[in-house]
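The values are calculated or read from the model by the stated rules, or taken from the named source; none is laboratory data. Just so we're clear, the structure is a prediction, and the values are computed from it rather than from any experiment. Reconstructed Cβ throughout: ideal geometry from the backbone, glycine too, with neighbour counts over all protein chains shown. The area values use the complete protein model at the heavy-atom level, side chains included, leaving out ligands, DNA and RNA. Shrake-Rupley method; radii C 1.70, N 1.55, O 1.52, S 1.80 Å.
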Amino acid sequence: MFHLIRLESKKFKLGWFVKGTILANIIILSILCIIPVVEKSEGTEMLKDVTGVFTISGAGVRGVFIVFAAVLISKMIIQEFRNRTMFIMFSYPINRKKILSAKLILIVLMTFIAMTISHIVVIFSFIGLNQIFHFTSAMSLTSSDVLAEIIKIIMFSLTTAVAALVPLYFGMRNYSTPATIISSLLIVSVTCQSMGPNFSLAGIIYIPLALAIIALGIVVLAIRKIDRIDLN
Amino acid sequence: MDYVVQTRNLTKTFQGHDVVSNVTMNIRQGEIYGFLGPNGAGKSTIMKLLTNMIKPSHGEVTIFGEPLKHDSFDYLKRIGSMIEYPIFYEKLTARENLELHCAYMGYHSKQAIRDVLDRVGLENVENKLPKDFSLGMRQRLCVARAIITKPEFLILDEPINGLDPAGIKAMRKLFKTLNQEYGMTLLISSHIIGEIEQIADTIGVIKGGKLIEEASMESIKARNKEYIELVTSNQKKAAMVLHDKLGINNFKVVDDQTIRIYAADVPQSAISKTLILEDINIESIEKKRTTLEEYFVKKVELDQVVS
C-alpha cells in the first residue's frame with residue numbers, strides 16, 4: 001500500500017500543493033492581522049484572546065484545506081476517470097479497491113498534515129507578530145495551554161480532513177470537477193462559519209465529526225462499487 | 001490445444017442495446033488473431049471485456065484457463081494492452097510514463113525503456129511530453145508501453161492508426177517478431193483487411209456485435225479457389241459450348257459479357273481452343289483468384305482502405 005501511495009504522489013507531482021499551502025498561510029495570517037485593526041475601528045473585538053484567535057484561524061485554515069482536498073480528489077480521482085487514465089490504472093495487476101484506497105489515504109494524509117501544520121504556524125505567527133505590532137491585547141500562553149491547543153488542532157484537523165472526502169460522492173456521480181469543488185464549499189460553509197464572537201459553527205467539533213462519519217460511509221460505498229464500474 | 005482466451009456467448013448490453021452479442025471466440029496460444037470489422041462493430045468492447053474494463057451482461061470469458069470474475073486482476077500482469085486510442089499521463093514525459101507503467105506492473109529493468117523505444121522506432125523523445133507527439137508517435141509509444149514488460153498476451157486495438165506506410169511495415173515486422181521470438185499471443189484489431197491478411201493466423205470477423213466468422217487464414221485461402229474469367233460478346237453461345245462441348249457445369253454468368261469458370265481440371269488452353277473453333281469471339285480470358293478483400297467485403301461492408 002505504501003508503494004502505491006508513493007507512486008500516486010509521484011504521478012501527480014504535488015509541488016503545487018506545498019506552494020499553495022505556503023501561500024494560503026500567508027494570506028490567512030494577513031487577514032488575521034487585519035481583522036483586529038478593522039474591529040477596533042468598529043468597536044467589536046473578537047480576537048481579544050487565544051480562543052478567539054484559535055477559532056477564527058481554525059475556520060480559515062480548515063476552510064482552505066477542505067477546498068484543497070476537493071482539488072486533490074478532482075485531480076487524483078475524478079480527472080483520472082474523465083481523462084480516461086483510469087484505463088491505464090485498471091489495466092494493472094492491482095486490486096482496484098487498493099488503487100482507490102491509496103488515493104484516498106494520500107488525500108486525507110496530505111490534507112491533515114497541511115491543516116495541522118498551517119494552523120499551528122498561523123496561530124503562533126500571529127501571537128508572535130502581535131507581541132511586536134500589538135494588533136490586539138497582549139496574549140500569553142502557558143506550556144499546558146500550548147499542549148491543549150495542539151491536541152485540539154489535531155482533533156479538528158483529523159475529523160475535518162476525513163469530512164473533506166464528502167465531495168467524493170458528488171464528484172463521482174458524473175465525474176464532475178465543478179460538482180466536487182462546489183460541494184466542498186458547502187462543507188466549508190457548515191464547518192467553518194463564524195457568526196460573531198459568541199457563536200461559531202467552527203468551534204463545534206461534532207459538525208466535522210458527523211460529516212467525517214458520512215464521508216467514511218461514502219468511501220466504503222465507493223470502494224465496494226469500484227470493482228463493478230464499467231470504464232467505457 | 002491450449003487457448004489463451006475462450007469466450008462463451010459473451011454479451012454486453014448498453015441501455016437495452018446489444019453492443020456485443022453472443023460472441024464465442026477462441027484464441028489459441030502463440031497465434032496472431034486478427035479481429036476484423038468495421039468501426040463500431042464491437043471490437044474494442046470485446047477487448048475491454050477481456051481486460052475487465054467492462055463487465056459482461058451475459059456469457060463468460062476464460063482467460064489463461066481461468067474463468068474471469070468481476071474482480072479478477074492478477075491475470076493482467078500477463079497482458080499488455082492498447083485499447084481505443086493512446087492514453088497517457090500528459091504531464092509526465094515519455095520516459096516517466098513508461099517508468100510508471102513498469103513500477104505498477106512490478107517490472108524492473110533499467111535497460112527496458114531504451115530498448116523498447118528503439119524497437120518501436122521512437123528516438124530522442126524520452127524527455128518529451130506525449131501531448132507534443134503526433135498521433136503516429138503516440139501510437140508507437142502506446143505499443144511500447146504495451147510490450148515493455150514482455151507480456152504473454154498482447155491486445156492491440158487498431159495499432160497502425162496514424163502510422164505512415166514505413167511505420168506500418170515496421171510495426172508489422174515487430175508484431176511478427178514478438179510472436180515468433182517471444183511466443184507472444186496477439187489479438188490485433190483492424191478495419192483494414194490487407195493489414196490483417198498479412199499477419200493473422202486466425203481471423204475473427206465481427207459485425208454489429210456478432211462474430212460472423214472465425215477461421216484460420218489457411219482455410220479461408222483454400223476456400224477462395226482460382227477461376228477462369230472469360231469475357232466474350234457472345235456470352236449465351238459460350239455458355240452453351242462450355243456445357244455441351246467441354247462438359248463444364250461449374251461456371252457462373254456474371255454479366256452480359258463475363259463468365260467465371262470454376263473447373264480447375266479443364267486447362268485454360270483447351271477452353272480457348274474450343275471456343276475459337278466454335279467461332280466465339282474472345283475479348284479476354286485469364287486466371288483469377290477471389291481476393292480476401294472481395295471475400296470479406298461480401299461478409300461485411302468494410303472500409304476498403306488499402307495500406
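Estimated from the Cβ-Cβ distance and a Förster radius of 25 angstrom, the FRET efficiency linking residue B:273 and residue B:294 is about 0.30. Longer than 29 Å from Cα to Cα, which of B:221/B:245; A:19/B:128; A:225/B:176 are they? Say none if no pair is. Listed pairs above 29 Å: B:221/B:245; A:225/B:176. When the accessible areas of B alone and A alone are added and the area of the pair subtracted, with a 1.4 Å probe, the result is around 2700 Å², both sides summed.
Dipole check for chain A: with +1 at the C-beta of Lys and Arg, -1 at the C-beta of Asp and Glu, and the Cα centre as origin, the magnitude is about 1300 Debye. Among the GluC sites (Glu not before Pro) found in the stretch B:117-209, those both in a DSSP coil and sparsely packed, with 11 or fewer other Cβ atoms within 10 Å of their Cβ, are B:123. Remark on chain B: hydrodynamic radius 22.0 angstrom, per the Kirkwood mean of 1/r across alpha carbon pairs.
Kindly tabulate the residues in the stretch B:44-62 with an accessible-area decrease of at least 20 Å² between the chain alone and the assembly of all protein chains, using a probe of 1.4 Å. When all protein chains are present, B:48, B:53, B:54, B:55 each give up 20 Å² or more of accessible surface. Comparing A:181, B:53, A:128 along the charge dipole axis of the protein assembly as shown, the residue lying farthest to the positive side is A:128, per the Cβ-charge model. Computed over the protein assembly as shown, the alpha-carbon pair-distance distribution with 20 angstrom bins reads 18, 36, 24, 14, 5, 3, 0, each value a whole percent. 3J(HN,Hα) along the stretch A:65-70: 7, 5, 5, 4, 4, 5 Hz, from the Karplus curve 6.51 cos²θ - 1.76 cosθ + 1.60 with θ = phi - 60°, whole Hz, x for Gly and Pro.
Once Rg and the Kirkwood radius are both taken over the C-alpha atoms of the stretch A:24-134, their ratio Rg/Rh works out to 1.20.
Ranking B:154, B:200, B:136 by Cα position along the charge dipole of the stretch B:123-201, where only Lys, Arg, Asp and Glu carry charges on their C-beta atoms, puts B:136 farthest toward the positive end. Multiplying the residue separation of residue B:226 and residue B:264 by 0.36 nm and removing their Cα-Cα distance gives an extension gain of 12.9 nm. Under the simplified labelling scheme, the residue B:109-residue B:57 pair shows an inter-label distance of 4.2 nm, with each label point 7 Å from Cα along Cα→Cβ. The modelled label-to-label distance between residue A:49 and residue B:254, using points 7 Å beyond Cα along the C-beta direction, is 10.2 nm. Rolling a 1.4 Å probe over the protein heavy atoms of the stretch A:1-76, with every protein chain left in place, gives an accessible area that is 73 percent carbon and sulfur.
Where does the Debye-calculated log10 I(q)/I(0) of chain A sit at q = 0.11, 0.12, 0.17 Å⁻¹, using only Cα point scatterers of equal weight, no solvent? Ignoring solvent entirely, the Cα scatterers give -0.59, -0.68, -1.17. Surface exposure of the protein assembly as shown, expressed per residue as accessible area with a 1.4 Å probe, stands at 47 Å².
In order along the stretch A:13-29, phi translates into HN-Hα couplings of 6, 8, x, 4, 5, 5, 4, x, 4, 4, 4, 4, 4, 4, 5, 4, 4 Hz, rounded to whole numbers, per the Karplus curve 6.51 cos²θ - 1.76 cosθ + 1.60 with θ = phi - 60° and x for Gly and Pro. Taking Cα centre as origin and charging only the Cβ of basic (Lys, Arg, +1) and acidic (Asp, Glu, -1) residues, the dipole magnitude of the protein assembly as shown rounds to 740 debye. Near the amide H of residue B:20, within less than 5 Å, lie the amide hydrogens of B:12, all on another chain or at least 5 residues away, with H placed in the peptide plane. Over all orientations, the stretch B:41-177 has a Cα convex hull whose mean projected area works out to 9.1 square nanometres.
Residues whose amide H lies under 5 Å from that of residue B:4, counting only those 5 or more places away or on a different chain, are B:27, B:28, B:29; hydrogens are built 1.01 Å from N in the peptide plane.
Assuming a ≥ b ≥ c are the square roots of the Cα gyration tensor eigenvalues, decide whether the stretch A:90-193 counts as rounded (a/c under 1.5), prolate (otherwise, with a/b larger than b/c) or oblate. Prolate, since a/c reaches 1.5 and a/b exceeds b/c. Under 18 Å from the 7 Å Cα→Cβ point of residue B:213, by amide nitrogen: which residues of the stretch B:168-192? Under cut-off, by backbone N: B:188-192. Of the solvent-accessible surface of chain B, computed with a 1.4 Å probe over protein heavy atoms with every protein chain present, carbon and sulfur atoms account for 46 percent. Comparing the full protein assembly with the isolated chain (1.4 Å probe, heavy atoms, ligands and nucleic acids excluded), the residues of the stretch B:91-106 losing at least 40 square angstrom of accessible area are B:92, B:100, B:103, B:104. Separation of the stretch B:240-280 and the stretch A:1-46, taken as the distance between their Cα centroids, equals 91 angstrom. Under the convention that each Lys and Arg Cβ holds +1 and each Asp and Glu Cβ holds -1, the size of the dipole of the stretch B:117-235 around its Cα centre is about 220 debye. Each of B:97, B:258, B:183 was scored by the projection of its Cα onto the charge dipole of chain B, and the greatest displacement toward the positive side belongs to B:97; charges sit on the C-beta of Lys, Arg, Asp and Glu.
Using the Cβ-Cβ distance between residue B:8 and residue A:22 with R0 = 56 Å, the FRET efficiency computed as 1/(1 + (r/R0)^6) comes to roughly 0.45.
Across the stretch A:112-120, computed HN-Hα scalar couplings (Karplus, 6.51 cos²θ - 1.76 cosθ + 1.60, θ = phi - 60°) run 4, 5, 5, 5, 4, 4, 4, 4, 4 Hz from first to last residue, x flagging Gly and Pro.
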